[in-house]
Structures are given as structure tokens and as C-alpha cells.
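These notes concern the structure reproduced below.
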Amino acid sequence: MGHDATVVIPIHDKNPVSRAPVATYGLIVANVAVFLAGPIAFAGPDPGPARKARENAYLYHYGAIPAQLLSGHGNPLWPVFTAIFVHAGWIHLLGNMLFLYVFGNNVEDHFGRAHFLLFYLAAGVVSTYAFAWANQTATGPLVGASGAIAAVLGAYAYLFPYTRVTLLVPFLWFLPLRVPAWLVLGFWFVMQLPEFQQTIGVSSSSDIAYFAHVSGFVLGLLYAALVIGRGPSGPARVEPLAPPAVPPHLAPDYRTADPEDPYGQYHR
């Protein structure tokens, strides 16, 4: 599962958080650590046959194989979780971690740390099974955090649709743009649909699990809408105006008044 780097590259969102995103940073560290510990990180651009065999064995051991997931035997349940932390290359890893870094902190801030972590893991599992259901005879390993991160993007699109996101668009060089989150993530979503890619003449990659992206995004969007709600992060609520202050009643002070002008002095 990977992100198509030729579409958009988000680099920043103008959306401060109220506390440090510990769970988001922890997930990024865990993904990077798992990748560095595997045989793919330092394989080089052209690994030899022995190295390539070790990489394939690694991906098949820790990846989720759709055909075996649905058959109930051959591949136990735990690869569904390990596959979420395994990536097939540097571009695959860095693309996923960039999206998680930009959008994960605000979703975590709204959900809470423990809730966000459970949501992330559950979304990764559900999107993996959704892909397996759509590809029931597939025997290749499914790896990557894209399904879980897609759910984070779906939740973000619902919670913070009008937040301004700075992104780079590869046009001639890299053109920086700042647009609302709903536009960035909505465009990202439709670009995961092979039918739309064919319509605009963009070739889709056969090794990217687009259905896992789509199912993860829809899951995150619906979960945020039906379970979480926007709460204080939704549309601003206008407080009623306070009533105007009533001026204090003024009464004549006969003690210091001029005998010829008894109403000339007042006290509060």
C-alpha cells in the first residue's frame, strides 16, 4: 500500500494542537524503526538474488496475504497487525509518514491519545480485510500503513474541512499552494479510484492497494461523523450579545448642594 507521490505532497497545515501528539510521533518512530530493522532499508537499488530472496521472505512472513486471510488457515491473524508497520521501500515509508505527520496530530488531539491509537490500529485491520474481500484470490503480501493513514485522512476531512493546508504540486518543478483540507483530501480520495485515473489519463500502479485506501478513508470519515462529531472543532457558535449596561440611578445629594441650587450635586 503506498501513496502516489505524483499527485500532491502536503507539508504543513495551519491547525495548532493543544497537546503534544505523542501517539502520532510514536507511530512514526515505530514504523521507521521496523523498516530500519528489516532487510529492505539498506538493500541498495539493485540487490542480488540472495538479498532479494530475503526481502521476499520478509514480506511474505510479516505481510497479510488476502487469500489466506479469508480461508482462515495458512496465515494467522497476527500478520494483519504486523503488516501495518512493514513497508516495501523508502518512498513507500516516507510518503506514508509524511501524511501521518501532517494530519495525524490534529485527529489525535481531537480523539485523545489512547482512542486515536486504537482507531489507527482498527482502521488498519479493517482496511486490510476490505482489500482481501475485494481481492479474494490474491496471494501476494499486503504491507504498509496506508489503510490506517487513509482512515486518519477521512477523519481529518470531516473534523477540519476548512483548515488551510500547504502542499507542493509537481508542476514543472514544485508549486506551493495553500488550499482547504476538503479540497486536498477530496482530490486525494478520487485519485485512489482507478476509474477516475483512467478518465484523466493517469496510469495506476498495480502494486498499490487502492481499495485499502478507499475503504480506510470512508471508514475514518464515517467514524468521525457518526461516533465522534465535530464538537468544539466544528463551525463556530456565535455567543449572544450581553445586554447593555444600565446606567446607575442618580439621586440628588442634598448634603453638599448649594442652598440656592439643591439639585446641582449628585452622588452615585
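The values are calculated or read from the model by the stated rules, or taken from the named source; none is laboratory data. Since we're looking at a predicted model, the values are computed, not measured. In this analysis, Cβ positions are derived from the backbone assuming ideal geometry, glycine residues included, and neighbour counts consider all displayed protein chains. Areas reflect the complete protein model, heavy atoms only, side chains present, ligands, DNA and RNA absent. Shrake-Rupley method; radii C 1.70, N 1.55, O 1.52, S 1.80 Å.
Pairs needed: first member in the range 129-145, open to solvent by 20 Å² or more (accessible area, probe 1.4 Å); second member anywhere, part of a loop (DSSP other than H, G, I, E, B); C-beta distance under 7 Å; at least 6 residues apart or different chains.
Note: pairs meeting the criteria are Phe131/Ala209; Thr139/Ile65; Pro141/Gly63; Pro141/Ile65.
Kindly evaluate Ala130 against the criterion of being under 21 Å from Phe189 (Cα atoms) and touching a Ser or Thr at 6+ places or on another chain (Cβ under 6 Å).
Against the criterion (under 21 Å from Phe189 (Cα atoms) and touching a Ser or Thr at 6+ places or on another chain (Cβ under 6 Å)), Ala130 qualifies.
Just checking, which of Tyr62, Tyr25 is modelled with pLDDT of 90 or more and more than 20 Å from the chain's Cα centre (by Cα)?
Details: Tyr25 fails: more than 20 Å from the chain's Cα centre (by Cα).
Every option except Tyr62 fails the conditions.
Kindly evaluate Tyr158 against the criterion of being touching a residue at least 60 places away in the same chain (Cβ under 8 Å) and of a type in the set (Ser, Thr, Tyr).
yes
Read through the list (1) open to solvent by 20 Å² or more (accessible area, probe 1.4 Å); (2) assigned to a helix (DSSP H, G or I), then give the number of the only condition that Phe42 fails.
(2)
Has the range 207-217 got any residue that is touching a strand residue (DSSP E or B) at 6+ places or on another chain (Cβ under 9 Å), among the aliphatic types (A, V, I, L, M) and either within 20 Å of Val126 (Cα to Cα) or modelled with pLDDT of 60 or more (or both)? Working first, answer last.
Narrowing the range 207-217 to residues touching a strand residue (DSSP E or B) at 6+ places or on another chain (Cβ under 9 Å): 209, 212.
If we keep only those that are among the aliphatic types (A, V, I, L, M) as well, we get 209, 212.
Subset that is either within 20 Å of Val126 (Cα to Cα) or modelled with pLDDT of 60 or more (or both): 209, 212.
Scanning the range 207-217 turns up at least one residue that is touching a strand residue (DSSP E or B) at 6+ places or on another chain (Cβ under 9 Å), among the aliphatic types (A, V, I, L, M) and either within 20 Å of Val126 (Cα to Cα) or modelled with pLDDT of 60 or more (or both).
Cβ-Cβ under 8 Å, sequence separation 6+ or interchain: first residue in the range 25-36 and among the polar types (S, T, N, Q), partner loosely packed, with under 15 Cβ neighbours inside 10 Å and part of a helix (DSSP H, G or I). Which pairs?
Listed pairs, sorted by first residue: none to list.
Can you tell me which residue is surrounded by the most Cβ atoms within 10 Å (Cβ to Cβ) among those in the range 100-128 that are among the aromatic types (Phe, Trp, Tyr) and under 13 Å from Ala155 (Cα atoms)? Steps first, answer last, please.
Step one: filter the range 100-128 for residues among the aromatic types (Phe, Trp, Tyr), giving 101, 103, 111, 116, 119-120.
Filter once more, keeping what is under 13 Å from Ala155 (Cα atoms): 103, 111, 116, 119-120.
On the way: Phe103: 28, Phe111: 22, Phe116: 23, Phe119: 25, Tyr120: 26.
By that ranking, first place goes to Phe103.
Under the condition of being among the polar types (S, T, N, Q) and modelled with pLDDT under 90, which residue from the range 65-84 is farthest from Ile40 (Cα to Cα)? Working first, answer last.
Residues of the range 65-84 among the polar types (S, T, N, Q): 68, 71, 75, 82.
With modelled with pLDDT under 90 added as a condition, the list becomes 68, 71, 75.
Numbers: Gln68: 24, Ser71: 29, Asn75: 22 Å.
My answer is Ser71.
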